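Below is one structure, written out as structure tokens, with a few remarks after it.
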Protein chains: 2
Amino acid sequence: MKMKEDKIMLGHGSGGRMMHNLIADLFLKHFSNSILNEQTDAAVLQIGSNEIAFTTDSFVIDPLFFPGGNIGKLAVCGTVNDLAVSGAEPIYISVSFILEEGFSMNELEVIVESLAAEAKKAGVIIVTGDTKVVNKGKCDKVFINTAGIGRMKAENRQICKAMNIKPGDVIIVNGTIGDHGMAVMNARESFNFKTTVESDCASLNHLILEVLDKSPVKFMRDPTRGGVATVLNELAEKIQLGIEIEESALPLNGGVKAMCELLGFDPLHIANEGKVLIVANENEATNILNVLQNNELGLQSAIIGRVVSDHPGRVVLKNETGGRRIVDSLAGDQLPRIC
Amino acid sequence: MKMKEDKIMLGHGSGGRMMHNLIADLFLKHFSNSILNEQTDAAVLQIGSNEIAFTTDSFVIDPLFFPGGNIGKLAVCGTVNDLAVSGAEPIYISVSFILEEGFSMNELEVIVESLAAEAKKAGVIIVTGDTKVVNKGKCDKVFINTAGIGRMKAENRQICKAMNIKPGDVIIVNGTIGDHGMAVMNARESFNFKTTVESDCASLNHLILEVLDKSPVKFMRDPTRGGVATVLNELAEKIQLGIEIEESALPLNGGVKAMCELLGFDPLHIANEGKVLIVANENEATNILNVLQNNELGLQSAIIGRVVSDHPGRVVLKNETGGRRIVDSLAGDQLPRIC
């Protein structure tokens, strides 16, 4: 094993570079196979003459309840979105609970109700599950794992692969960035910022399928842990092209902006749970924005940048005065237990 | 919610009656749908013209390493067996880790290696995964969730349903019972029993498919949490027939027998991780035993009882002197964190 660290650190779960290394140097080393090695949000599997997408996520968010959602709602949105950005139509999910002895049955029921309501909204059926209980002090209240299965249409199969991306292609996001991370941070630390920041936690499958129905898309990814910066860096590295972001084009909630400035965070590194980054030919941009902006989950959609031939493998942010800075992947453990 | 308890108790994860109630009164209440309500080990789903089985399990076993295995091996066996007893051929699994900050990278690699080795042995491909890290003290070292997808053959579709079971049908087990639970108990408590008890932790898919190739089977289930007694009680209740077990026919490892006697446990309530209970027409018994006993995972296979028309919904144990006692489901929290 090439890992520099001899113990697990919070950064190994950050979604950024340390996690990337843990996956490469430990998990891919031992589990290596052609499907896993693609490292997409969902695996695409052949079942008879059909293809399905398959994904999993464990949720350990702290606190369990936050403005805009709770761990139950999040556990559906996270898995639904991983399937949706892979171009699949989410249909079935599993739900597995790890519960701490002594946890309130009433709070558990609120979580279970939210989970059921979000599954209904997203149109996925909870078909199987599991329940484990550990002694008091051996986990933190509730952890939830969901795995999901989606129907894959042949014409969407290339979206996971980030193929045919060319300089000039546009990068679109369906609204303000950083809301989830800052809402959780605010709820956790009781900063008592006057401004209310709500998590954007939402299932994007209906919105994404609407876009795909109208326009070809070259790549999609939900910028969760590690934020927009990490997704774009991974993409730039993969396609060996540059990406240029316009700072003035980034949709930002005023409260998120204020919190980030005060606390010294870059909103490009903050987790989202209801956002999708879309890469498409610039001729499709108007069509895509039309679809997005007519949906309540995409009102503030915007083109935030472009693929460029300069600085291959790098993401550069252009500010309003023409200044430029390199935007790197998230490196350490900015906000542990954000999802 | 009808739950009597206002807080989660260890018994809610025991696999026994309290867990049954939690599932019925909370999860099924909110998640109810025709697939989930079947309450089988794996959900059977239609994908185009094919059927797949889908299941999930979280593993929170303490200690992580025990004679006969570790949490990595167990995380594969558990999910593979849930698919196999449903009559499916396991093909793909997901693996999701929740890691405690400070956990040893070397121990994690041993677990990952075991997981990879068992997946290879069972013939399943790890196609997707997830990694979360929580602060020190917020989980106990490592929890693993696996979800699995299996190919379902039409001719095995009825096995989950426990249909056509009739008085006279035999109940077969593929070897000694209670080994896993007692091995973990011994490793956890350092009783220093001289005898070595090893977990039976094993992937049974190849063995089960061999049986199904040769003989029709009416029902299968792996007696994990809650043990043989809980599986047979659930079955008796479902089919509204009685089940009679011969105490002298129960395959028991000497060490397990000694530990159970000393500690006051009933081996019928102890968890197994490499056992399958098979219900079949008695005319098939010889064929099935032949297949099982020629496989290293079934050397000590035996007919342990029969379905009877007496005492419908009840499981009765007949001892060697002709005495009879009712064997109930596991009620409380005998051995928390056994898997």
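The values are calculated or read from the model by the stated rules, or taken from the named source; none is laboratory data. Since the structure is predicted, the reported quantities are computational estimates derived from the model, not experimental observations. For neighbour counting, all protein chains shown are included, and Cβ atoms are generated from backbone atoms with ideal geometry for every residue, glycine included. Keep in mind that these areas ignore ligands, DNA and RNA; they rest on the heavy atoms of the full protein, side chains included. Shrake-Rupley method; radii C 1.70, N 1.55, O 1.52, S 1.80 Å.
A few comments on the model shown:
- Accessible area per residue (1.4 Å probe, heavy atoms of protein chains only) ranks A:K2, B:K161 as A:K2, B:K161, with the largest value leading.
- Whole-number Å³ per residue for the convex hull built on Cα positions in the stretch A:40-156: 106 Å³
- Using the Cβ-Cβ distance between A:R188 and A:V110 with R0 = 22 Å, the FRET efficiency computed as 1/(1 + (r/R0)^6) comes to roughly 0.75.
- Position B:G123, label points 7 Å along Cα→Cβ, spacing to each other copy in nm (shortest first, one decimal): 3.7
- Each copy carries B:K194; placing its label point 7 Å along the C-beta direction from Cα gives inter-copy distances of 7.8 nm, listed from smallest up.
- FRET E, pair A:D328, B:N50, Förster distance 51 Å, beta-carbon r, rounded to 0.05: 0.70
- Mean separation of Cα pairs under 8 Å and 6 or more residues apart, divided by the residue count, gives the stretch A:40-156 a relative contact order of 41 percent.
- Close amide H partners of B:K218, meaning residues 5 or more places away or on another chain with modelled amide H under 5 Å apart, are B:V279, B:A280, B:N281.
- Cα-based shape type of the stretch B:162-326, given that a ≥ b ≥ c are square roots of the gyration tensor eigenvalues and the cut on a/c is 1.5: oblate
- Pairs beyond 26 Å (Cα-Cα), from A:K132/B:K138; B:K120/B:K161; A:K73/B:K120: B:K120/B:K161; A:K73/B:K120
- With its label point defined 7 Å out from Cα along the Cα-to-Cβ axis, B:E107 lies at 2.7 nm from the matching points of the other copies, in increasing order.
- Theoretical FRET efficiency, 1/(1+(r/R0)^6), r = Cβ-Cβ of A:Q293 and B:K4, R0 45 Å, to 0.05: 0.30
- As a ratio to 2.2 N^0.38 Å, the alpha-carbon radius of gyration for the protein assembly as shown is 0.99.
- Overall form of chain B per C-alpha gyration tensor (a/c, 1.5; a/b vs b/c): rounded
- Here the contact order of chain A, divided by its residue count and restricted to Cα pairs under 8 Å and six or more residues apart, works out to 24 percent.
- Among B:G102, B:G48, B:G254, residue whose mean-square fluctuation peaks in a GNM of chain B (springs only between Cα atoms under 10 Å): B:G48
- Converting phi to 3J(HN,Hα) with the Karplus coefficients 6.51, -1.76 and 1.60 and the offset θ = phi - 60°, the stretch A:126-134 yields 7, 9, 7, x, 7, 9, 10, 10, 10 Hz in sequence order, with x at every glycine or proline.
- Fraction in percent of alpha-carbon pairs per bin - 5 Å, the stretch B:100-254: 1, 6, 12, 15, 17, 17, 13, 10, 7, 3, 1, 0
- Candidate cross-link partners of B:K2 among the aspartates and glutamates, defined by an alpha-carbon separation under 16 Å and a same-chain spacing of 8 or more, comprise A:E107, A:E109, A:E113, B:D25.
- Listed by chain and number, the lysines whose alpha-carbon sits under 18 Å from that of B:K4, ignoring those within fewer than 8 places in the same chain, are B:K29.
- Here's the list of aspartates and glutamates a cross-link from A:K318 could span, going by alpha-carbon distance under 12 Å and ignoring same-chain residues fewer than 8 apart: A:E244, A:E246, A:E247.
- Shape of the stretch A:13-78, Cα gyration tensor, a/c cut at 1.5: oblate
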